[in-house]
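Step one of this worksheet: look at the structure below.
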Amino acid sequence: MTTEFTPRLAGHLLVECLIAQGVTHAFGVPGESYLAVLDGFHQHADRIRFVINRQEGGAAFMAEAQGKLTGRPGVCFVTRGPGATNASIGLHTAFQDSTPMVLFVGDVASDARDREAFQEVDFAAFFGPSTKGFAKRVERIDDARRIPEYVARAFATAMNGRPGPVVLVLPEDMLTQTVDAAPLPRVEPVQAWSDPGALRELRTLLLAAQRPLVIAGGGGWTPQSAAALQRFAENWQLPVANAFRFQDCFDTHHPNYAGDIGLGINPALAARVRSSDLIIAIGPRLGEATTGGYTLIEAPVPRQKLVHIHASGEELGRVYQPTLAINATMNAAARSLEVLTAPPTVVWSEWTAACHADYEANVDVANGGVTLPGAIDMPALIHTLQRHLPADAVLTNGAGNFASWLHRFYRYHGLAKGHKTQLAPTNGAMGYGVPAGIAAAILTGRVAFTIAGDGDFLMNGQELATAVQHGAKSIVLLLNNGTYGTIRMHQEREYPARVSGSDLRKPEVCALARAYGYAAERVEHTADFEAALLRALTAPCGTMIEVPLSEEVITTRGTLSDIRLKAQS
């Protein structure tokens with residue numbers, strides 16, 4: 001017996017497949033190559049919303065943020081050549097951050113393929129796995145009847161193993177075909193459970209340890225798995241550090257928290273990573289930023305004993321040769337670890353307390369370590385945020401030294417409390433914070449707070465117009481120092497007093513924000529920031545708060561002149 005379905009455009013079927021996968025929002029920039037899909041969004045506007053962006057890079061960043069927030073693939077639509085290449089930055093971010101995402105690319109018609117048609121690109125070559133940095137899988141849908149199969153497979157591929165992005169290419173003429181197929185059921189990620197023998201070996205390693213340290217991070221975490229991780233740490237009295245830009249993985253308010261391991265790491269924590277005799281890495285791939293350029297944990301064979309737990313078997317042993325490798329997804333791994341029988345006492349309880357004490361000293365404003373010039377006290381500003389932002393606020397940033405103020409001084413509320421609170425690119429993509437914050441506001445309705453530098457903001461500041469059009473509000477704290485700060489810092493370290501290519505003319509960013517429909521004000525003294533923040537929190541629209549900084553205020557631990565003098569000595 002065959003089941004018949006109402007014939008409709010393939011583009012409409014594609015939208016129905018997204019709805020079947022639980023997608024409520026898709027981000028993108030329209031293109032004539034997928035008009036039939038746009039018509040499908042119109043047809044099903046009561047069930048799914050197409051968010052119109054101003055640039056494909058911003059759209060892809062929003063979809064990547066969607067993947068981080070929901071744990072299911074973020075969805076982005078772009079047109080061929082120029083649209084797809086613009087979106088590549090979000091795809092690369094999703095790849096390195098292990099974020100599930102599906103990028104749909106409208107393509108040239110089948111009868112024009114391989115003729116270098118208008119905006120034609122070989123997407124398998126451009127995005128495919130051979131690039132080692134863009135997509136887990138790239139497929140082209142030539143038969144409209146197979147749309148449900150391809151969409152379901154894309155969602156499964158994006159979520160299973162190490163989460164990541166998938167690209168589906170959509171020939172324009174395929175989308176206009178009439179089909180009578182039906183969407184496939186919602187795909188759920190497969191859970192890979194820890195081997196019981198490996199868990200016994202892990203327990204043996206723990207019992208023999210003197211200075212163990214857990215590093216948590218990577219993709220695939222849920223509030224349930226984060227809570228299970230917390231119980232594991234409590235049962236075994238283990239110190240837990242979060243991997244680079246996964247600072248909400250383990251609650252930073254917890255007495256077992258040791259700090260974040262990444263760029264600008266607390267020197268005391270770096271010393272503890274080096275002196276640890278057992279590292280249990282749960283989820284992170286242990287990339288360059290988390291390992292201090294592969295020096296805190298040396299590759300390929302670490303000085304410390306290493307237990308590496310990861311959702312992808314292909315990731316285990318790829319960079320590091322661990323003492324023990326466990327292939328398990330985060331939900332399954334954490335649930336196995338929380339029931340791992342702990343002894344009545346452990347020898348490292350004082351070590352754990354000392355790790356946390358190091359963290360507390362690092363975030364204490366009075367212990368800032370240096371006096372930075374100017375009328376703005378950045379640690380005090382971050383502590384003002386801590387007092388007034390709600391516990392479920394989503395904090396976002398792009399790439400630049402400005403982000404280090406949040407990373408060092410803000411205490412992120414952990415995922416175990418029920419909400420993801422940090423959206424930040426581990427691949428160091430500038431321009432991520434503004435669209436990610438807007439996506440968080442659209443998707444969650446929670447307070448979305450973005451910290452940006454002037455260079456970072458100008459990468460995707462146009463997406464403020466997207467927020468206004470779609471009724472979302474975010475707060476943007478823009479630290480304006482007139483330079484690409486991270487590059488300038490490295491220049492002074494390597495080529496002191498030879499400034500080249502890093503200075504920026506300061507635009508009237510408040511006027512620009514107002515032009516997009518945001519409120520905006522400039523704060524030049526620390527004492528004025530609290531009132532500005534409170535106004536932004538109660539404003540009916542999004543708000544930019546511009547804070548001018550001297551280029552001397554370059555890091556949380558020293559000035560630009562300090563770096564130059566050290567390089568010249």
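The values are calculated or read from the model by the stated rules, or taken from the named source; none is laboratory data. Since we're looking at a predicted model, the values are computed, not measured. As a convention, Cβ positions derive from the backbone with ideal geometry for all residues, glycine included, and neighbour counts pool all protein chains shown. Heavy atoms of the whole protein, side chains included, go into the accessibility calculation; ligands, DNA and RNA do not. Shrake-Rupley method; radii C 1.70, N 1.55, O 1.52, S 1.80 Å.
Observations, loosely collected:
- Selection count, segment 178-194, where residues are under 30 Å from Ala342 (Cα atoms) and either touching a Lys or Arg at 6+ places or on another chain (Cβ under 6 Å) or open to solvent by 90 Å² or more (accessible area, probe 1.4 Å) (or both): 2
- Enumeration of residues in segment 471-505 that are part of a loop (DSSP other than H, G, I, E, B), surrounded by 13 or more Cβ atoms within 10 Å (Cβ to Cβ) and without any contact (Cβ under 8 Å) to a residue 60 or more places away in the chain: Val499, Ser502, Leu504
- Among the criteria (1) in a loop (DSSP other than H, G, I, E, B); (2) of a type in the set (Ser, Thr, Tyr); (3) at pLDDT 95 or above, the one Thr371 does not fulfil is (3).
- Any hit, segment 348-362, residues being part of a loop (DSSP other than H, G, I, E, B) and open to solvent by 30 Å² or more (accessible area, probe 1.4 Å): no
- Strands (runs of 3 or more DSSP E) lying entirely in segment 45-127 (those with 1 or more residues that are open to solvent by 20 Å² or more (accessible area, probe 1.4 Å) and either closer than 19 Å to Leu14 by Cβ or free of Cβ contacts under 8 Å to residues at least 40 places away in the same chain (or both)): 49-52
- Residues of segment 130-159 that are part of a helix (DSSP H, G or I), in contact with a strand residue (DSSP E or B) (Cβ under 8 Å, 6 or more places away or on another chain) and of a type outside the set (Phe, Trp, Tyr): Ala144, Arg145, Ile147, Val151, Arg153, Ala154, Thr157, Ala158.
- Residues being open to solvent by 10 Å² or more (accessible area, probe 1.4 Å) and part of a loop (DSSP other than H, G, I, E, B) - total across segment 390-409: 7
- Answer residue from segment 272-329, given it is open to solvent by 10 Å² or more (accessible area, probe 1.4 Å), in a loop (DSSP other than H, G, I, E, B) and in contact with a Leu (Cβ under 6 Å, 6 or more places away or on another chain) and is nearest to Pro425 (Cα to Cα) among those: Ala289
- Ser561, sole failed condition from (1) polar (S, T, N, Q); (2) touching a residue at least 12 places away in the same chain (Cβ under 8 Å); (3) assigned to a helix (DSSP H, G or I): (2)
- So Gly428, is it under 25 Å from Pro100 (Cβ atoms), outside any strand (DSSP E or B), under 16 Å from the mean Cα position of the chain (by Cα) and not basic (Lys, Arg): yes
- Enumeration of residues in segment 523-549 that are in contact (Cβ under 8 Å) with a residue 24 or more places away in the chain, closer than 18 Å to Pro379 by Cα and open to solvent by less than 50 Å² (accessible area, probe 1.4 Å): Val523, Thr526, Phe529, Leu533, Ile545, Glu546, Val547, Pro548, Leu549
- Segment 249-264 residues that are surrounded by 22 or more Cβ atoms within 10 Å (Cβ to Cβ), paired with ones that are of a type in the set (Gly, Ala, Ser) and part of a loop (DSSP other than H, G, I, E, B) (beta carbon under 6 Å, 6 or more apart): Cys249/Gly217; Phe250/Gly414; Asp251/Gly414; Gly262/Ala289
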